[in-house]
Amino acid sequence: MIIINPKEKELLMQENEQKLQETEGGTEHNPDAIKKTEEESPISEPKTSDDSVKENTEVSDSNTESPEPVSKEESKKSDEADEADEAIEEIEESNAEDAEDEHNEKRHHIPMLDYHSMSIENLVGELQRLVKNEKIQAISKHVSSIKYEFDQKFQEFLEHKKEEFIANGGNEIDFRYNSVTKRQFNEVYSEFREKRDQYYKNLEQSLKDNLKKRLEIIEQLKGLVNVEEDINTTYKNFKELQESWRNAGPIPRNNYNDVWRTYHHHMEIFYDFLHLNRELRDLDFKHNLEEKQKLVERAEALANEPDLGKAFRELQTLHKIWKEDIGPVAKEQREEIWERFSAATKVMHQRRQDHYQEMEKVYEKNLEKKHEIIASITEVSENVSNNHKALQAQIKEIEALREAFFKAGKVPQKVNEQTWSAFKEAVRKFNRNKNAFYKNQKKEQHENLEKKRALLGLALALKDSDDWEMATPEMKRIQSEWKRIGHVPRKYSDKIWNEFKDACNHYFNRLHAEKNEAHKEEFENYEKKSACLDRLKAFQLSGDTEKDLVELKKFIAEWKQYGRIPYNKKHINGKFNRIVDVLFKKLGVSRQESELLRYGDKMQQLAKTDDNRAILNERTFIRRKIDESKSEIRQLENNLQFFSNASEDNPLVQDVVKNIEKHREALETWKAKLKKLNIMQHNRDKEAEANDEEE
C-alpha cells in the first residue's frame, strides 16, 4: 500500500483539479495556468517537492521581514545564475520550435545568406529557390529577411522612378509604375504564405490532439500516487505511461516547455514520494545518471568545438535528450549533475556572447564604411556636373557607391534604420539634382529643335535655287550654323538631321553638276597638257644647242597655249617646269635665262592682247615679288649679323648665305622680267602713237 504525506497529497490534488479544468473546455491549453503551477513548484532546477514547499514557506516568511543586504559574492552568483538561465531559456525556445515539427530543425542547415548585398532581382530568385526546394516551416526567418531587404530596396527604386517622372513634367498623383520584378516577388511570396497557412492549418489540430494526450498522461501519472495497489503493478503502469509519452507526438511550441516541466515534475514526485522497490528505483537512477553524465561530458567537450554554430546545435540536441529521453536521478545527485550541465551550457552561451561582441565590432567597422560611402554620395550629389558626359560618369560612380554600400555588410541593429535613411536621402538628393539638370537640358534641346527647324525651312527653300552666287554662300552659312546648335531631343534627332542633309545634298549635287559642265574644258586642257608632258619626257637632246632650244621653246609655247586646268591637277605644271629646267641646264642655259625664255612667251601673249589691265596686273605682281625678295634679303642679312663671331664653315651660316644668294638671283630675275615688261609697254605705246599720227 502506498503512503503519502497528507499535505503533499492535498497539493497534488489541487494540481490535478487545475489540470482537469484546463482540459474540460476543449483541447486548447492554457499556458498561464501551467506557468502558475511551475511557479508554485519550480522544476527548471532539480529540487524536490519538499524543497519546493520549504522554499514557498521561506518566501512567505520573508515577506513579513526587512530584506537582508546582499553580499558581492551572492550578487555574482545571482548574475551567473541569470546568465545560465538565459542560455537555457534560449535553447529551450529553439528546441520548442523544433519539437513542433521534425522539419523545423532543417532551418539550422539552410544558410542565411547576405541578403543585404543582393539586388532585388537576386532576392526574387533566392525566394523562389527557397519556396520551391525547402520545407515551408523551415524558411520563415529567411523569407522575413528577404522581404525586409526587398521592400527597402524596391521602395528606394520606386522613389527614384517617381522623381524622374516628376522631373520630366509629370504630376505626382499620376505616377504609376509597373514592375515585373515586384509582381514576381508578390507571386512567390503569396505562394509562400499559402503553403505556410495550409501547413499550420493541417498541423494545428494534430498538435492540439497531441497536447490533449500528453495532459491526460500527466493526469494519469499524477493519479498513480492516489491508488492502492501492488507496487510492481504501479511501476509497470508508470513505465507504460512513459512509453505512451514518448509516442504522443509533437505539441504547440508555446506549450512545449511548460508541459515537459510539468511532466518531469510529476515523474520526480513519483520517484521521490512513492515507496517503490528500492532496487528498481536505484537501477533507474543509476542508468539515468550514467546517461546524463555522458550528456554532460559531451556538453563540456563542445567548448573546444571550433564551429560555433555546430556546437550550439549539438548543445540544443543534448538539452532535448536530457529533457525528453532521460528520466530523473537520485535526489542527492540531481543538483550536482544539473549544475555541471548548466555550467557547460553557460560556457557555450559565453562563447556565443563573445562571438556576438566580435560581430558587433565588425558591424561597427561596416558602419564606418557605410558612413564613408554616404559621405561620398553626398559630395557627388552636391557637385552634380552641368554637362551630359561628365554627369554620365557621375551616374556610374553613384551606382558603384550603391553597390559598395550593399556589399559593406551589416551594421548594428540600433542604427540600421538611421543608416538606411541617410543612404536613401543622399541618393535621392543626387537623383533630384541630376533630374533637374536633364529637365533644363530638355528645355534647351527643345529650343535647339526649333532653331534647327528654322534652318531646315531655309534649306528646303534654297535647295532648288538657280541663283548660285546667292544660294551657295547662304547654304554654307546654314550648314555652319547647324553645327553650332546643340543637341535636340533624341526622338526627333535622326528625322530632322536626315531631312536637312537631304536638302543640302540636293542643292550641292545640282551645283556640282553645273560646275562639272563648266569644268569640262579644264579637263580637256588637262588631258592635252598630260600628252605634252609625256612627249617632253621622251624628248632627247640632239647635241645641236640652237636646234634643241628651238624645240624646247616649242614645248613651252604649246604648254602656254592650253588654258586653265582643274585646281586639284595643277601639280602637273610643276612637273613640266622641273623637266624644262633640267634640259636647259644640260644646254648650258642658266636658271634665270630659262625663266626669261619662258617669260618671253608670256610677254608675247600679253602683247597680242589689247588688255592694258592685264599688263597692269602683271606689273603689280612683279613689283610685289621684287619687294618680297628685297625684304627676304634684308631679313636674312640681319640674321647673318647674329653669327658675326661664327666661322664661315658653320652650317647655319652657310645655309643663310645660300638663301641670300637664292633670293638675289630671284630678285635679278624679277627685275629682268619687269624690264622686259616695260620695254614691251614702251613699244606698245610708241606703236599706238604712230597709229594715232597716221590717223
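Can you name the number of the only condition in (1) farther than 30 Å from Arg253 by Cα; (2) without any contact (Cβ under 8 Å) to a residue 12 or more places away in the chain; (3) of a type outside the set (A, V, I, L, M, F, W, C); (4) open to solvent by less than 60 Å² (accessible area, probe 1.4 Å) that Glu159 fails?
Of (1) farther than 30 Å from Arg253 by Cα; (2) without any contact (Cβ under 8 Å) to a residue 12 or more places away in the chain; (3) of a type outside the set (A, V, I, L, M, F, W, C); (4) open to solvent by less than 60 Å² (accessible area, probe 1.4 Å), only one is false for Glu159: (2).
Answer with yes or no whether Asn525 is polar (S, T, N, Q) and under 30 Å from Phe576 (Cβ atoms).
It is true that Asn525 is polar (S, T, N, Q) and under 30 Å from Phe576 (Cβ atoms).
How do the pairs read when you match residues in the range 551-573 that are of a type in the set (Gly, Ala, Ser) with residues anywhere that are open to solvent by 80 Å² or more (accessible area, probe 1.4 Å), using Cβ under 8 Å and keeping only pairs 6 or more apart or on different chains?
Cβ pairs passing all conditions: Gly563/Glu521.
Examine the range 343-362 for a residue that is of a type in the set (Gly, Ala, Ser), open to solvent by less than 80 Å² (accessible area, probe 1.4 Å) and more than 30 Å from Tyr235 (Cα to Cα), and state whether such a residue exists.
yes
Just need a number here: residues in the range 198-242 that are open to solvent by less than 80 Å² (accessible area, probe 1.4 Å) and either at pLDDT 85 or above or part of a helix (DSSP H, G or I) (or both).
Qualifying residue count for the region: 29.
Hey, any hits in the range 377-387 for a residue that's over 30 Å from Gln445 (Cβ atoms), in a helix (DSSP H, G or I) and not acidic (Asp, Glu)?
So far as the range 377-387 goes, no, none of its residues is over 30 Å from Gln445 (Cβ atoms), in a helix (DSSP H, G or I) and not acidic (Asp, Glu).
If a residue must be part of a helix (DSSP H, G or I) and touching a Phe, Trp or Tyr at 6+ places or on another chain (Cβ under 9 Å), how many such residues does the range 388-414 contain?
8
Just give me the residues in the range 442-456 being open to solvent by less than 40 Å² (accessible area, probe 1.4 Å) and over 42 Å from the mean Cα position of the chain (by Cα), in sequence order.
Correct list: Leu455, Leu456.
Do the conditions hold for Glu335, that is, is it within 30 Å of Lys212 (Cα to Cα), open to solvent by 20 Å² or more (accessible area, probe 1.4 Å) and in contact (Cβ under 8 Å) with a residue 60 or more places away in the chain?
So Glu335 fails the test.
Quick check on my filter: what residues within the range 302-320 are surrounded by fewer than 15 Cβ atoms within 10 Å (Cβ to Cβ) and in contact (Cβ under 8 Å) with a residue 12 or more places away in the chain?
Those that are surrounded by fewer than 15 Cβ atoms within 10 Å (Cβ to Cβ) and in contact (Cβ under 8 Å) with a residue 12 or more places away in the chain: Ala303, Leu308, Gly309.
Assuming Tyr177 fulfils every condition listed in (1) over 30 Å from Asn435 (Cα atoms); (2) open to solvent by 90 Å² or more (accessible area, probe 1.4 Å) apart from one, which condition is it?
(1)
Here's a check for you: in the range 417-427, which residue that is exposed (fewer than 15 other Cβ atoms within 10 Å of the Cβ) and among the charged types (D, E, K, R) is nearest to the chain's Cα centre (by Cα)?
Glu425
On the given criteria, is Trp559 part of a helix (DSSP H, G or I), farther than 30 Å from Arg477 by Cβ and in contact with a Lys or Arg (Cβ under 9 Å, 6 or more places away or on another chain)?
Yes; evaluated as a whole, the condition is true for this residue.
Being at pLDDT 85 or above, aromatic (Phe, Trp, Tyr), under 23 Å from Ser119 (Cα atoms) and in a helix (DSSP H, G or I) narrows it down to one residue among Phe165, Phe154; which is it?
Just one listed residue meets the conditions, Phe154.
Restricting attention to the range 585-626, report how many residues are part of a helix (DSSP H, G or I), modelled with pLDDT under 80 and not acidic (Asp, Glu).
Total meeting the criteria: 19.
Return only the number of the condition from (1) more than 60 Å from the chain's Cα centre (by Cα); (2) in a helix (DSSP H, G or I); (3) modelled with pLDDT of 85 or more; (4) not small (Gly, Ala, Ser) that Gln540 does not satisfy.
(2)
Can you work out which of the residues in the range 368-403 that are open to solvent by 20 Å² or more (accessible area, probe 1.4 Å) and in contact with a Lys or Arg (Cβ under 8 Å, 6 or more places away or on another chain) is nearest to Ala436 (Cα to Cα)?
Result: Val384.
Return the total of residues in the range 529-550 being touching a residue at least 24 places away in the same chain (Cβ under 8 Å) and under 17 Å from Asn577 (Cβ atoms).
8
Which condition breaks for Ala426 when tested against (1) closer than 30 Å to Met112 by Cα; (2) out of contact with any Ser or Thr (no Cβ under 6 Å at 6 or more places or on another chain); (3) without any contact (Cβ under 8 Å) to a residue 60 or more places away in the chain?
Going through (1) closer than 30 Å to Met112 by Cα; (2) out of contact with any Ser or Thr (no Cβ under 6 Å at 6 or more places or on another chain); (3) without any contact (Cβ under 8 Å) to a residue 60 or more places away in the chain one by one, Ala426 breaks only (2).
Would you point out which residue out of Ala426, Ala422, Ala400 is modelled with pLDDT of 85 or more and over 13 Å from Glu156 (Cβ atoms)?
Ala400
Those residues that are surrounded by 15 or more Cβ atoms within 10 Å (Cβ to Cβ) and either aromatic (Phe, Trp, Tyr) or under 41 Å from the mean Cα position of the chain (by Cα) (or both), I need them from the range 463-484; list them, please.
Trp482
Based on this model, can you work out whether Glu514 counts as in contact with a Pro (Cβ under 6 Å, 6 or more places away or on another chain) and touching a residue at least 12 places away in the same chain (Cβ under 8 Å)?
no
So, of the residues in the range 486-501 that are without any contact (Cβ under 8 Å) to a residue 40 or more places away in the chain and surrounded by 13 or more Cβ atoms within 10 Å (Cβ to Cβ), which turns out to be farthest from the chain's Cα centre (by Cα)?
Checking each candidate, the answer is Lys501.
The values are calculated or read from the model by the stated rules, or taken from the named source; none is laboratory data. No experiment lies behind these values; they were computed from the predicted model shown. Reconstructed Cβ throughout: ideal geometry from the backbone, glycine too, with neighbour counts over all protein chains shown. Please note that ligands, DNA and RNA were not included when accessible areas were found on the heavy atoms of the full protein model with its side chains. Shrake-Rupley method; radii C 1.70, N 1.55, O 1.52, S 1.80 Å.
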